[in-house]
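The values are calculated or read from the model by the stated rules, or taken from the named source; none is laboratory data. If you're wondering where the values come from, they're calculated on a predicted model, not measured in any experiment. Neighbour counts are summed over all protein chains in view; Cβ atoms, including those assigned to glycine, are modelled from backbone coordinates with ideal geometry. Side chains are part of the model used for accessible areas, which takes the heavy atoms of the whole protein and leaves out ligands, DNA and RNA. Shrake-Rupley method; radii C 1.70, N 1.55, O 1.52, S 1.80 Å.
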Amino acid sequence: MKYILGMAIGIILLLLPSLSSVSQGVQWDPKLVANDNIQLEKSIVYMHISADNKLPFGCVWGKVTDAVPGYPVVVQIYKNDKPVYFAQVDMKSDGSYEHYFRIKSVDGNNVINIFQGDYTVDIFKTVYATTPPTTT
């Protein structure tokens, strides 16, 4: 019993700093990218995974025009406006990207459908606001 009480007090002590207001002294910049020549672009696609799907993986892929090197593509998957999966994906040198994610899991004879039904996929890409200057 004394161990449980000690653990409970320890957890409370660990949580105390997080109970204070997070916004104290923090000002949020609504602009996500600090460079005027760079902007964040959002694409929305819809995905349907049928109940009789046989494949274990799904994939999100595409190509970014005017991609800014060094910034990942962010993939966010929602079901009924609730987040279910997030990923950051590195782009290849040609601006293309692809990300595979598990939609079905098999544990012995037990098959678990991780994804099933209708989803909204938000894809965020960092691109140049204007065409970058060429170097000769």
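Worth a mention:
- Annotation: amide H of Ala129 within the under-5 Å range of Ile38, Gln39, sequence separation 5 or more or interchain, hydrogens built in the peptide plane.
- With R₀ set to 22 Å, the beta-carbon distance separating Val74 from Ile112 gives a calculated FRET efficiency near 0.25.
- Heavy-atom accessible area for Thr130, with the other protein chains in place and a 1.4 Å probe, reaches approximately 80 Å².
- Sequence-distant aspartates and glutamates (8 or more away, or on other chains) whose Cα lies within less than 14 Å of Lys92: Asp66
- Here segment 76-136 is treated as a Stokes sphere of Kirkwood radius computed over C-alpha pairs; at 37 °C and 0.692 mPa s its diffusion coefficient rounds to 219 µm²/s.
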